[in-house]
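*Asks:* Just passing along the structure, written as structure tokens.
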Amino acid sequence: MKTWLNAWPVFRQLTDGDPFGRGDAVRSAKTDSLVARTASADRVAKSICPYCAVGCGQRVYVKDEQVVQIEGDPDSPISRGRLCPKGAASRNLVTSPTRQTTVLYRRPHGTDWEPLELDTAMDMIADRVIATRRETWQDEVDGMTVNRTMGIASLGGATLDNEENYLMKKIYTAMGAVQVENQARI
């Protein structure tokens, strides 16, 4: 009977001088067997959360070149170790079995996706950008020199930081696009 009572945490709290249950009285064998996922990591890589433009710091714990845990980086002056629920769950971005890891292409009027090599996909994109620019280029409008294309536009997302938006603006402007916007301010 005493063995059964000792296994009961409330009994241990009352008899071991731990009435608030903050010490060893409430520990179980299961609790003692638990090990943090970060304890088994080979290395830690610092990163930035990809979900929004805030740029919270993350520590990515890696074991055998596989991500085992992602936590907030306490050294980050932006987030000071805190992550929102999306950032805290960002491990799923790289470890989810449903993560798409290959380029897929659906031909015009097609019904099925087919895998493509990354180099092939990048060449297709470049060819289409060049063709669109050539077909939609305007030297002048109503007698005014404009040197632009209205056939290319860019809408950046909230996950882009200021530096990325700056570079995107520069590359699109160099191509002659004038419709460049981002929604990072929302």
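*Asks:* Given a Förster radius of 41 Å and the C-beta distance between residue 24 and residue 99 as r, what FRET efficiency does 1/(1 + (r/R0)^6) yield to the nearest 0.05?
*Replies:* E between residue 24 and residue 99, to the nearest 0.05, is 0.45.
*Asks:* Kirkwood Rh over alpha-carbon pairs of region 1-90, then Stokes-Einstein at 4 °C and 1.567 mPa s: what D in µm² s⁻¹, rounded to an integer?
*Replies:* Roughly 81 µm²/s, to the nearest whole number.
*Asks:* Can you pull out the trypsin sites (Lys or Arg not before Pro) in region 153-186 that DSSP calls coil and that have at most 15 other Cβ atoms within 10 Å?
*Replies:* On the way: sites: 169, 170, 185; in loops: 185.
Qualifying residues, ordered by number: 185.
*Asks:* Express in % the proportion of alpha carbon pairs of region 103-182 at distances exceeding 17 Å.
*Replies:* Percent of Cα pairs beyond 17 Å in region 103-182: 61.
*Asks:* Let me ask you something else. Which net charge results for the neighbourhood of residue 179, defined as the other residues with beta-carbon distances under 12 angstrom from its beta-carbon, given Lys and Arg at +1 and Asp and Glu at -1?
*Replies:* +1
*Asks:* Hey, can you grab everything whose amide H is under 5 Å from the amide H of residue 177? Only 5+ residues off in sequence or another chain; H modelled, so Pro and N-termini drop out.
*Replies:* Hits under the 5 Å cutoff: 149.
*Asks:* Something else: Taking only the Cα atoms of region 58-113, how large is their convex hull per residue, in Å³? Kindly include the intermediate steps, with their values, before the conclusion.
*Replies:* Values: hull volume 7.5 nm³, N = 56.
Considering the Cα atoms of region 58-113, their hull volume per residue is 133 Å³.
*Asks:* Still on this structure, I have one more. To the nearest 10 degrees, how steep is helix 118-136 against the longest Cα principal axis of the chain, on a 0 to 90 scale?
*Replies:* On a 0 to 90 degree scale, this one is about 40.
*Asks:* Same structure, new question: For the chain, what does -39500 (n - 2.57) per DSSP helix run (n ≥ 4), summed and divided by total residues, give at 222 nm, in deg cm²/dmol to the nearest 500? Walk me through the intermediate numbers first.
*Replies:* Numbers: 7 runs with 60 residues, N = 186.
Computed mean residue ellipticity for the chain: -9000 deg cm²/dmol.
No value in this document is a laboratory result; all are computed from the given coordinates. Given the structure is predicted, the values throughout are model-derived calculations rather than measurements. Neighbour counts are summed over all protein chains in view; Cβ atoms, including those assigned to glycine, are modelled from backbone coordinates with ideal geometry.
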